[in-house]
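> Have a look at this one before I ask anything.
Just so it is clear, none of the values below were taken in a lab; they were calculated from the coordinates. Quick caveat: nothing in here was measured; it's all calculated off a predicted structure. Here the Cβ positions follow ideal geometry from the backbone for every residue, glycine too, while neighbour counts run over all protein chains shown.
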Amino acid sequence: MSKIENKQEETERDVFVFGKENYKFLFIGLGLIVLGFILMIGGGSESPDEFNEGIFNFQRLTLAPILILAGFGVEVYAIMKRNK
């Protein structure tokens, strides 16, 4: 093999599937998912005999699931985005 062919094989092996932008979107999506799960935490009551209405607020029923689904959408976009 000549030096040119050897260099071409090395550069073809060193090419990454994801670029810098892909990883940026992957971390943004992961952050949205984690934030959504953090917003779902809580709402319990001190005593099992008491009922706490806090489990039915906007944050836990609407905002957190929307953030989680948006995070998964960003993850899919980051995976499907072509590298330049």
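> Quick one: what pairs do we get from segment 57-84, first residue within 17 Å of residue 39 (Cβ to Cβ), second part of a loop (DSSP other than H, G, I, E, B), C-beta under 8 Å, 6+ apart or different chains?
Qualifying pairs under 8 Å: 57/43; 60/42; 60/43.
> Anything in segment 30-53 that is surrounded by 12 or more Cβ atoms within 10 Å (Cβ to Cβ), of a type outside the set (A, V, I, L, M) and either under 10 Å from the mean Cα position of the chain (by Cα) or over 30 Å from residue 20 (Cα atoms) (or both)? List them, or say none.
31, 42, 43, 45, 52
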